[in-house]
Amino acid sequence: MKIAYFTDTFLPQINGVTNTLGYLSAYLTSKDVEHIFIAPDYDEEPSEHPDYPVVRFRGIKPLIYPECRLVFPPHARIIDILIAFQPDVVHIVTELGIGYAGLRAARELQLPVIMSYHTNYDQYLDFYNLSYLSRPVWSYVRWFHQFAAITLCPSRATADALRCHGIRHTDIWSRGIDRGVFSPAHADKTLLAEFGLQDMTVFLYVGRIAKEKGLDTLAESIKTLSQAQLATMAFVFTGDGPYLEELKALGIPNAVFTGCLRGDALAKVYASCDVFVFPSGTETFGNVFLEAMASGLPGICVDAGGVTDFTEHGENAYVCRYRDAEDLAAALTAMTDETLRNHLRAGALKTAQARDWPVILDGLMRHYDHVLKESLYRCNVAV
C-alpha cells in the first residue's frame, strides 16, 4: 500500500497533529509502507529525524496564528506529485490550503480519500472574538468532509460534535503514547532545584500558551488561593504562544516559563514535576495529558473535549468543571495531598500502558484496508 498525506501542519511545528504524524511515519517505515507528506515549509528543518518523506511548499504566516503557515500549492504540481507517487489512498489531515489541494487532486484522479479531524474550530473562534464565523466555517467543514469515504476522529466527543453538524461517516482513530520516550524513569529532581522550586508541590502545564487552552481560567483560579497555599505551590509552563507575555505579566507566584521543550528535556520535565494541570476543553484528544500519564504524573483536567475519552475522576485523574475557576482552585488544593497523587498516578500509568502507538496505528491501517477494498469493489461493480 502507498499513502499520500496532505497536512497544513507538520514538523518542526510542535502540536498534537505533528507529533502524531511523526509517530505514524516511523510506524509506516517499520512496516515498509511507502508514504509521502505534502506539507508547509517553515524555513527550518526538524532537529530530530529530518528525513521524513515530505514535499514542502512555502506559504504565509496568518496573523491569528503566526507559528502556522497558510499554503495554496499549485494544482498542476500536486497532480504531478500524485501521478509520480501513485498512491493507493489519499489521507487528508487538515481542511485548509494544502488539504483542499489534496482533495481537489484526489477527486480529479479518482483516488479513494480518507480524512481526519483534529481542530475544534468553533471553540477556537470564540476565544478570538470571531464566533460570528462559526456558521460559515461549519458549512465549509461539512462540505469538505462529504467527499471522504470516512472521517476519523481522535475521540468520541469529537465524533459526536461532527455528527451534530451533519458529518455522518465518522469513526475513531485514537492517539497513542511512546512509553520509551515518556516514562517515570526520566524523573530528575535536580531539575526542580535548578528552577528554584524545592519543597513545593510543582504543577506543570505543557502546550500552546493560548487562552483557548484555558490558561486564563487557571490564572484566575490561582488568584483565589490564599498566600499560605501559594507559598507551597509552584507552576511550570512549557510551551509558547500568543498569551505568553500576558500570562507572565499576571505575576503568578513561583512561576517558571521554560519555552518549548523537545525530546529528553520534555520527558524530564514531565517526570520531574508533581502534578500535570490541563484546563483546556477545546482538545479533540489531548495528547499532552496522555504523555503526562505515561510519565507517572497525576493530572488535573476538565470535563470537556477529547480528554474525557480516557480520564475518570478519582481513578486516573482529577476532573473539574470546564472554565470554572473555583472548581479548578479546589483541584489545585486537593492535589497537594501526596496520598491522592499516588493513587491517581497508579491509575494514570495503567491507562498509558493500554495505549501503545503500534496498537493504535494497527487500527488506522485497518481503516485504510477497508476503504481501499470498498473502492476496488465499487470499481469492479462499475465495470
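The values are calculated or read from the model by the stated rules, or taken from the named source; none is laboratory data. These figures come from a predicted structure and were not determined experimentally. Glycine gets a Cβ as well: all are built from the backbone with ideal geometry, and neighbour counts include every protein chain shown. Remember, those area values only see protein heavy atoms, side chains included, never the ligands or the DNA or RNA. Shrake-Rupley method; radii C 1.70, N 1.55, O 1.52, S 1.80 Å.
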Volume per residue that the Cα convex hull of region 247-352 spans, once the total is divided by residue count, Å³: 110 Å³
What Kirkwood radius, in Å to one decimal, follows from the Cα pairs of region 50-187? 17.1 Å
Return the sequence-ordered ³J(HN,Hα) values of region 348-354 in whole Hz as given by the Karplus equation 6.51 cos²θ - 1.76 cosθ + 1.60 applied to θ = phi - 60°, using x for Gly and Pro. 5, 4, 5, 4, 5, 4, 8
How big is the dipole moment of region 245-383 about its Cα centre under a simple scheme where the beta carbon of each Lys and Arg is +1, that of each Asp and Glu is -1, and everything else is neutral? Debye, nearest 20, please. 420 debye
Taking θ as phi - 60°, what are the ³J(HN,Hα) couplings along region 288-303 by the Karplus curve (6.51, -1.76, 1.60), each to the nearest whole Hz, with x for Gly and Pro? 5, 5, 5, 4, 5, 4, 5, 7, x, 9, x, x, 10, 9, 10, 8
Tail weight of P(r) past 15 Å, computed on alpha-carbon pairs of region 1-94, percent: 60 percent
Inter-label distance for Ser30 and Tyr132, nm, one decimal - labels placed 7 Å from Cα along Cα-to-Cβ: 5.0 nm
In whole angstrom, note down how far apart the Cα centers of region 86-118 and region 185-258 are. 40 Å
Computed about the Cα centre, the charge dipole of region 5-104 from +1 Lys/Arg and -1 Asp/Glu charges at the Cβ has a magnitude in debye, to the nearest 20, of 320 debye
Leaving ligands, DNA and RNA out of it, report the carbon-plus-sulfur percent of the accessible area of region 228-383 at a 1.4 Å probe. 51 percent
For Arg208, the net charge from surrounding residues (Cβ-Cβ under 9 Å; K, R +1; D, E -1) works out to -2
Accessible area of region 1-105 belonging to carbon and sulfur atoms, whole % at 1.4 Å probe: 56 percent
5 Å is the cut-off here: which amide hydrogens, built 1.01 Å from N in the peptide plane, fall below it relative to Tyr322, excluding neighbours closer than 5 in sequence? Asp303
Counting all Cα-Cα pairs in region 302-383, those more than 15 Å apart amount in percent to 71 percent
Rounded to the nearest 10 degrees, the helix 357-382 long axis (Cα) sits at an angle to the longest Cα principal axis of the chain of 20 degrees
For the chain, find the longest principal axis of its Cα atoms and tell me its angle to the long axis of helix 75-85, 0 to 90°, nearest 10. 80 degrees
Working out 0.36 nm times the residue gap between Leu109 and Asp369, then minus their Cα-Cα distance, what length gain in nm do you get to one decimal? 91.7 nm
Among Ile78, Tyr121, Gly306, the residue whose Cα sits farthest towards the positive end of the charge dipole of the chain, when +1 is placed on the Cβ of each Lys and Arg and -1 on the Cβ of each Asp and Glu, is Ile78
Per the helix-only calculation at 222 nm, which mean residue ellipticity applies to the chain, given -39500 (n - 2.57) for every DSSP H run of n ≥ 4 and division by its residues, nearest 500 deg cm²/dmol? -12500 deg cm²/dmol
Treating only the Cα positions of region 127-284 as identical point scatterers, give the base-10 log of I(q)/I(0) from the Debye formula at each q in 0.09, 0.13, 0.14 Å⁻¹. -0.42, -0.78, -0.86
Helix 97-108 sits off the longest principal axis of the Cα atoms of the chain, rounded to the nearest 10 on a 0 to 90 degree scale, by 30 degrees
Taking N as the number of residues in the chain, what is its alpha-carbon radius of gyration divided by 2.2 N^0.38 Å? 1.01
Assign unit charges at the C-beta atoms only (+1 for Lys and Arg, -1 for Asp and Glu), then state the dipole size of the chain relative to its Cα centre in Debye, rounded to the nearest 20. 900 debye
Can you give the accessible area per residue of the chain, in Å², using a 1.4 Å probe? 44 Å²
